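Since the structure comes first, as structure tokens, the remarks are kept for the end.
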Amino acid sequence: MRFLEICLAVAAFTTFVFADDQFISLPFVAVDRKGVHMSAWDQRLDESGVNVPLQNMDLAYLMNISIGTPPQPFTLLLDTGSSTTWVPMRGCGRYCGYPAHTLDPLKSSTFSSSSLVFSIRYGEGFSRGFYAEDTVTLNDAISVPHTNFAVSNINDGELTRDGADGILGIGPDPLSRFNNPDNTIVPTLVTNMFEQGVISNNSFSIYFQPINDTSLESRINGNIIFGGVDLDKVVNKQVTYFPSTSHPDYKDYWAADMDSVIVGDETVNFDSALPALVDTGSTLIFVPKQVVDLALSNVPDLRADYMGQYLVPCDSKDLKPITFNIAGTPLELYPEEYIVPHSIAGGTVDGRPYCYTYLHESPPYIDIILGYGFLQQYVSVYDNQNNRVGLGRRVD
């Protein structure tokens, strides 16, 4: 099997290239998210409670690619919750937030524009423009000709605060039909790589090594592998695959059906299976209020910040393990795994250290989102070829 591995480093782009018969690696960066971009179905949360800063908790994952011939460099935010890759147009300036890099189509001999209009809205942002094709280059060596993407001539510009120029959307291909008025399905970069023979399977996987200290600027935090999964990073080399949900509202996302959630020794059974969205673009774990109440309501001195995000005393002994049951398969999180280390994000209330949790009540019209707080404990596999999602406990 041929696949590409992109390594994830924290804070600064460093030169890291490793190549053999199976892997080609390049830097992939985690940064504190200062902008407001969230995945396409995330919603703004109500403000209430205690004001404790959350800014260091929200991470964005950035990847360097190049577009065009000769290559023009871009830094893109990785998002499994959307399916259109887009970069800003040269000259859009204040209409795009003055990004560091813009695309000049006239300087690429392989650029081909399309009449197909592009438009997308995120939870707290937007981008508009037109679709195009060009050669995408990874690691200055792997070229993917005739790759589909969008050129944005206007967007909210908030991505520039994250150090990103645009979005690398790697959700399922059918999701892209919501980004144009013709309902046309536009292949993602992953599908383009597969069709061009760069990878042998139309899939990718993501592995996170939890960050416990943001001061370690060059620490490798994880990787993305195009075309497969590194089973050496999975406990017992076992990944369990789940069919994508058939729920009409979520069948075009990376989502699987969740049967129940167990908190300690209490089970929350759903009347019917709920679609659980698997998304690297979300930091938190969004679950029904009943689950949050079981997990946190009996914790002494529970607090909430002005965004409604929960905090508990960092030394609390009253937290319980949480088990998510997907298609009969239990996926457990221990208390220390859904509590954010105080060194990353936390506050002090009356002199006592408080830690954030990754748990949050689901926003309107969304049942469950398994974001970074969950995915840092599980290797996730996104299989376009077989329309399924895979999860396997990561090796410590």
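The values are calculated or read from the model by the stated rules, or taken from the named source; none is laboratory data. Quantities reported herein were computed from a predicted structural model and do not represent experimental measurements. Every residue, glycine among them, receives a Cβ derived from its backbone with ideal geometry; neighbour counts consider all protein chains shown.
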Exercise. Considering only residues of the range 207-237 that are at pLDDT 75 or above and among the aliphatic types (A, V, I, L, M), which is farthest from the chain's Cα centre (by Cα)?
Worked result: V235
Exercise. Can you pull out the residues in the range 242-251 that are surrounded by fewer than 20 Cβ atoms within 10 Å (Cβ to Cβ) and assigned to a loop (DSSP other than H, G, I, E, B)?
Worked result: S246, H247, P248, D249, K251
Exercise. How about the range 292-303: which of its residues are crowded, with 17+ Cβ neighbours inside 10 Å and small (G, A, S)?
Worked result: A295
Exercise. Any idea which residue in the range 184-206 is nearest to the chain's Cα centre (by Cα), counting only those that are at pLDDT 95 or above and outside any helix (DSSP H, G or I)?
Worked result: T188
Exercise. Being within 20 Å of D293 (Cβ to Cβ), under 15 Å from the mean Cα position of the chain (by Cα) and among the small types (G, A, S), is that true of even one residue in the range 378-389?
Worked result: no
Exercise. Quick one: which of S82, S114 is under 19 Å from N183 (Cβ atoms), among the polar types (S, T, N, Q) and surrounded by fewer than 18 Cβ atoms within 10 Å (Cβ to Cβ)?
Worked result: S114
For this session: Hey, can you tell me all the residues within the range 140-155 that are surrounded by fewer than 19 Cβ atoms within 10 Å (Cβ to Cβ) and either out of contact with any helix residue (DSSP H, G or I) (no Cβ under 9 Å at 6 or more places or on another chain) or within 18 Å of T191 (Cβ to Cβ) (or both)?
Result: D140, A141, I142, S143, P145, H146
Exercise. On the given criteria, is L277 in a strand (DSSP E or B) and either assigned by TED's automatic domain parsing to the domain that holds L159 or in contact with a Cys (Cβ under 7 Å, 6 or more places away or on another chain) (or both)?
Worked result: no
Exercise. Are any residues in the range 262-291 of a type in the set (A, V, I, L, M) and surrounded by fewer than 20 Cβ atoms within 10 Å (Cβ to Cβ), and if so, which ones?
Worked result: I262, V268, A273
Problem set entry | Matching residues in the range 307-366 - criterion: being within 21 Å of the chain's Cα centre (by Cα), farther than 25 Å from D259 by Cα and assigned to a loop (DSSP other than H, G, I, E, B) | Q309, V340, P341, I344, A345
Seminar exercise, completed: Exception for P181 within (1) surrounded by fewer than 22 Cβ atoms within 10 Å (Cβ to Cβ); (2) at pLDDT below 95 falls at (2)
For this session: Test T348 against the stated conditions and say whether it is assigned by TED's automatic domain parsing to the domain that holds Q238, of a type in the set (S, T, N, Q) and surrounded by fewer than 17 Cβ atoms within 10 Å (Cβ to Cβ).
Result: yes
